[in-house]
Each structure stands twice: as C-alpha cells, then as structure tokens.
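Okay, structure first, notes after.
The values are calculated or read from the model by the stated rules, or taken from the named source; none is laboratory data. Just so you know, these numbers come straight off a predicted model, no measurement behind them. Backbone-built Cβ (ideal geometry, glycine too); neighbour counts: all protein chains shown. Note: accessible area is taken over every heavy atom of the protein model, side chains too, but ligands, DNA and RNA are not part of it. Shrake-Rupley method; radii C 1.70, N 1.55, O 1.52, S 1.80 Å.
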Amino acid sequence: GDQVEQSPSALSLHEGTGSALRCNFTTTMRAVQWFRKNSRGSLINLFYLASGTKENGRLKSAFDSKERYSTLHIRDAQLEDSGTYFCAAEAQGGRALIFGTGTTVSVSP
Amino acid sequence: NAGVIQTPRHKVTGKGQEATLWCEPISGHSAVFWYRQTIVQGLEFLTYFRNQAPIDDSGMPKERFSAQMPNQSHSTLKIQSTQPQDSAVYLCASSLEGAPPQYFGPGTRLLVL
C-alpha cells in the first residue's frame, strides 16, 4: 500500500509569503529526500535528512522518523519557486526511494 | 561533473518492439537505481545495482523487463515486446556506495504506440 502521503497536492502562494509541504509515512523511514522538478523535468536535490532539520536559503526541511513525517517550508516565496516538489523516503532495510505524489506550487506576483 | 546521463531522452516504439534505455551514473558512484514515472502510478522503484551486482529488483515487472550493469560506467534497462502500458518516463539515479542521497538523471520518455 501507499507508504508516503504528501500534501497538499497543490499550493498557491503570493510572492513574499510562505507555507509548508508535508509528507506522512505509514511506516518508520530511515531518511528522506526532497526534490524539485525543474523546467526540463529533471529532479533537483533540495535536501537529504536522516534526522533533524536543514536549511538552505528560503527553504527549510525537517524529518522526524519516530513521528513519521517530514516537512518542507518555503518562506518569502519567489516566482522561481514555482514547480512540483516531491518527497521521497528510504525505508528501513532498503535503499529504494518511495515517492510521494508531489505538490505543485504556484507563486504569483 | 555532467551528472547522471540518460539516453535516449525520447523514444517512440511500436507495440511488440524492443526498447533499450541507457544510463551513465555519476563518475565514482557505485550504486545505480532505476525508477519509472507514470501519471497513474507516480514514481515507482524498479531495480538497484551496487558495484554492478543486482541488489534489489522487487519493483521490476516479472515479464519483459530486464536490467544489467555490465561495467561501472553504464547500466541498461531493456523492455522486450513493449506494450502501450509501458509508456512512461524512466529515471535512473546514482549514489555513492549505495548511500544517499540519490542523484537523478533527466529521464527517458518512452512512448509505445
């Protein structure tokens, strides 16, 4: 069954505002990666976390294995943040990534 | 660093034909992963090699699909007797020694008519 539940499926933001994407896991995961699909369709690595939080510019991600979730926060959204974001988790005992269904973020002026 | 290279970027094939997709991992990466993306199923894991050896093929369809990694610099995914439902974007990723993070190539968009 589905092991990674990503929400929301779509998110509209005005420039300068912020919001959060969330992935819930139905089982304990070892680590999580967050990606953004660029204009050419390639998955660009944003974060890899085995625990705790990481921040890069206006993006911040957190992963709590025990509570079975990860979040990606966008602050001060810019037009170039528009795109589809995916979380992908690595289950215990395996290396295959299990992907969420994606969040399409649209940032408007 | 050119990143993960996948060829061809697009492939159109007729039903029943064979399709071979190529992946060149990032230099020095010893793990190669194959995934498939469709609108219906999203992104799904297919198979995984480490040091050229198959480690996990739990996501591979049991028939018509096969993958190989004959050397450190490339892996192939072969689909025999392609069917329209095989149409998808096939993604290859690589990582160091099977440890995350995984880095993805641009994908091969396969269309079976």
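With viscosity set to 1.306 mPa s at 10 °C, what whole-number translational diffusion coefficient in µm²/s follows for the protein assembly as shown from Stokes-Einstein and a Kirkwood radius over Cα pairs?
Translational diffusion coefficient: 88 µm²/s.
Let me have the relative contact order for chain B, percent, based on Cα pairs under 8 Å that are six or more residues apart.
For chain B, the relative contact order is 37 percent.
What average number of partner chain Cβ atoms lie no more than 10 Å from the Cβ of the residues making up A:29-41?
Average per residue, whole number: 2.
Compute the distance from the alpha-carbon center of segment B:1-23 to that of segment A:78-109, in whole Å.
24 Å
Share of antiparallel DSSP beta bridges in chain A, in percent to the nearest 5?
The answer is about 90 percent antiparallel.
Ignore the peptide's own chain and count Cβ atoms of other chains within 10 Å of each Cβ in B:44-54; give me the average, rounded.
Counting other chains' Cβ atoms within 10 Å and averaging over B:44-54 gives 2.
Label 7 Å along Cα→Cβ of B:Glu97; segment B:44-71 residues with amide nitrogen under 20 Å?
B:48-56
Label B:Gln83 and B:Ser66 with points 7 Å out from Cα along Cα→Cβ: what is the distance between them in nm?
Between B:Gln83 and B:Ser66, the label points sit 1.9 nm apart.
Going by average Cβ density within 10 Å per residue, which order do the peptides A:24-34, A:55-65 take, highest to lowest?
A:24-34, A:55-65
Assigning unit charges at the beta carbon (Lys, Arg +1; Asp, Glu -1) and nothing else, what dipole magnitude in debye, to the nearest 20, does the protein assembly as shown show about its Cα centre?
My answer is approximately 220 debye.
Find the sum over both chains of the accessible area lost when A and B are paired, probe 1.4 Å, and report it in Å² to the nearest 100.
The A and B chains share an interface burying roughly 1300 Å².
Mind jotting down the three principal axis lengths of segment B:8-72 based on Cα atoms? Whole angstrom, largest first.
Ordered largest first, segment B:8-72 gives principal extents of 35, 22, 21 Å.
For A:Glu80 and A:Gln3, what does the FRET efficiency come to when R0 = 30 Å and r is the distance between their Cβ atoms, rounded to the nearest 0.05?
The value I calculate is 0.45.
For labels at A:Ser12 and B:Ser58 in the simple 7 Å Cα→Cβ model, what's the distance in nm?
Those two pseudo-labels are separated by 4.0 nm.
Report the convex hull volume per residue for segment A:4-108, counting only C-alpha atoms, in Å³.
Cα convex hull per residue, to the nearest whole number: 84 Å³.
Would you grab the residues whose amide H sits under 5 Å from the one on B:Ile5? Only those 5+ places off in sequence or on another chain, please, with H modelled 1.01 Å from N.
Answer set, sorted by chain and number: B:Glu24.
Which value in Å does the Kirkwood hydrodynamic radius of chain B take, with 1/r averaged over all unlike C-alpha pairs and then inverted?
Every distinct Cα pair counted, the radius reaches 13.8 Å.
Could you work out how far apart the two model spin labels at B:Glu18 and B:Val40 are, taking each label as a point 7 Å from the Cα in the direction of the beta carbon, and quote it in nm?
2.7 nm
Across peptide A:97-107, how many C-beta atoms of other chains are within 10 Å of each residue C-beta, on average?
3
Take the solvent-accessible surface of the protein heavy atoms, probe 1.4 Å, and return the percent of it on chain A that carbon and sulfur atoms account for.
Roughly 45 percent of what the probe reaches on chain A is carbon or sulfur.
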